[in-house]
1. Consider region B:146-178. How many of its residues are open to solvent by less than 70 Å² (accessible area, probe 1.4 Å) and either among the aliphatic types (A, V, I, L, M) or assigned to a helix (DSSP H, G or I) (or both)?
2. Just to be sure I understand, how many residues within region B:101-123 are surrounded by fewer than 23 Cβ atoms within 10 Å (Cβ to Cβ) and either closer than 15 Å to residue A:39 by Cα or facing chain A (nearest Cβ under 7 Å) (or both)?
3. Residue B:79 versus (1) buried (at least 23 other Cβ atoms within 10 Å of the Cβ); (2) within 23 Å of residue A:35 (Cα to Cα); (3) within 13 Å of the chain's Cα centre (by Cα): which is the lone unmet condition?
4. Residues to consider are A:121, A:151, A:185; find the one that is touching a Phe, Trp or Tyr at 6+ places or on another chain (Cβ under 7 Å) and either farther than 29 Å from residue A:221 by Cβ or open to solvent by 20 Å² or more (accessible area, probe 1.4 Å) (or both).
5. Looking at (1) away from every other protein chain (no Cβ under 14 Å); (2) in contact (Cβ under 8 Å) with a residue 40 or more places away in the chain; (3) exposed (fewer than 13 other Cβ atoms within 10 Å of the Cβ), which is the only condition residue A:196 fails?
6. State all residues of region A:138-176 that are under 23 Å from residue A:91 (Cα atoms), of a type in the set (Gly, Ala, Ser) and within 20 Å of the chain's Cα centre (by Cα); if no residue qualifies, say none.
7. For region A:171-199, enumerate the residues that are of a type in the set (Ser, Thr, Tyr) and either part of a helix (DSSP H, G or I) or farther than 17 Å from residue A:119 by Cβ (or both).
8. Those residues that are among the small types (Gly, Ala, Ser) and within 25 Å of residue A:6 (Cα to Cα), I need them from region B:139-192; list them, please.
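The values are calculated or read from the model by the stated rules, or taken from the named source; none is laboratory data. It should be emphasised that the depicted structure is a prediction, and the values quoted were computed from it without experimental measurement. Note: ideal-geometry Cβ built from the backbone for every residue, glycine included; neighbour counts use all protein chains shown. Calculation scope for accessible area: heavy atoms of the full protein, side chains included, ligands and nucleic acids excluded. Shrake-Rupley method; radii C 1.70, N 1.55, O 1.52, S 1.80 Å.
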Amino acid sequence: MSELQEISNTELGEVLYIILQYYGYDFTEYSVASLKRRIGRFMELTETRDIFELKYKLINFKEYFSYFLQTVTVNVTEMFRDPEFYRDLREKVLPTLAAYPIIKIWHAGCSTGEEVYSMCILLKEAGLLNRAYIYATDINPANLAAARSGIIPLSSMKAYTQNYHLSGGTQEFAGYYTARYNNIIIDKSLLKNVIFSRHNLVSESSFNEFQLIVCRNVLIYFNRALQGKIFHLFYNSLAPKSFMALGLKESLISSDIKNQFEVVSAKSKIFKRKM
Amino acid sequence: MDGAGKVKDVILIGGSAGSLPIVMRLLTGMPPDFSASVIIILHRLKNAASDMDQLLSRIAGIPVEEPDDKTRMERGRVYLAPANYHLLADEEDTISLDYSEPELHSRPSINITFASFAAMYGSRVTALLLSGSNSDGAAGLKAVLEHNGSAVIQDPLDCEYPVMPEYAAVVNPGVTALTVDEIDRLFKSIVL
């Protein structure tokens, strides 16, 4: 049940300071509302009684922090999440990308990889997989390990298959994976041009120039100021006339560079860098 | 800053099965100018293309908005929690959205929104919990009451699906239970 301990702004600041000092992760510009709730939930899961105990354990137990990182950052994802978005990618973005001899895609905040696998399937079906390089990054090493494994619980596949077909997929979805016991493993040839690596959007800079940046339901956990910085980072990481895709409820409205982008799909939150 | 749009009072409406007709009733005949910010949390089907915001806008005669993340709330506006996201009250009267795990099989979760607004707005919150067939909302109402907000449940005897308000009454003994007519009158008076 959700009677989580409430955390004051002062307590939150103290906890975030410890994390920054001891582990180098900067959560200070994350959304306060979301962080408080996630930390409250973490304390409930770990039966941490109060903020004092939380701080003590964060300072003294590395494993406790690893679990904190895993729990407080949201890792909820799906294959072909929001099927209409993937339909728009197929129809409005991939035909343009097809003109490039080499297509570089940055999937920022890829979580456990399900949306990366989805992108690879789209690229394969468009005949672009061989010349596409996908840089899939996440703040959380445990997520990247899961993403690299290509393993998904079999129980999720019914919903994912439905998502795939709703997104306009017409192939036999089961052809993209092999089922073993209670899991499936994604066909590894789909992932041959994917580089999974750790990257912290908050503190690290651009590392390449891309034709498409996908960053869905990551920025919602940041405050407005940090969102603004990330939009600049993305802008500077995009080639002219290249694409940026956000989560369905994420917007550029409060950003000072919104006029540097044109809207490709308002509903799917796909934007294009103007020049 | 006088802040014409700044949030004054917040009315939270949570509902599940059987609540849509009541939400439609509440939004019918809204006064042209009102000062509250109204937040509606309805359990909805995932991936069902839904124009609920447009449907409710037509009924209310004013825009009912599914906010994007970090939308700045204003008074005299009605916001509908988007499907698949939890809706939270954040700093500077903004709305934050959250794609974390469903709670009690629900995303949006009524508990999460109620508790978040209770912590932020305290006694300025009135929470209305309507018809529904699961246990969401009870803990949220408790948080509202603990922060000196007002809480009302739809009278289970006047409900199509009474489980949700019934459970809320068990968790919050003595919570005010009103019929739909009474809730409508209350809503129209406090929204002003």
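1. Qualifying residue count for the region: 14.
2. Within region B:101-123, residues that are surrounded by fewer than 23 Cβ atoms within 10 Å (Cβ to Cβ) and either closer than 15 Å to residue A:39 by Cα or facing chain A (nearest Cβ under 7 Å) (or both) number 3.
3. (1) is the only condition that residue B:79 fails.
4. Step by step, each of A:121, A:151, A:185 is checked, and only A:185 is touching a Phe, Trp or Tyr at 6+ places or on another chain (Cβ under 7 Å) and either farther than 29 Å from residue A:221 by Cβ or open to solvent by 20 Å² or more (accessible area, probe 1.4 Å) (or both).
5. Only one criterion in (1) away from every other protein chain (no Cβ under 14 Å); (2) in contact (Cβ under 8 Å) with a residue 40 or more places away in the chain; (3) exposed (fewer than 13 other Cβ atoms within 10 Å of the Cβ) is unmet by residue A:196, namely (3).
6. A:159, A:167
7. A:176, A:178, A:181, A:189
8. B:139, B:140, B:143, B:149, B:150, B:151, B:168, B:169, B:174
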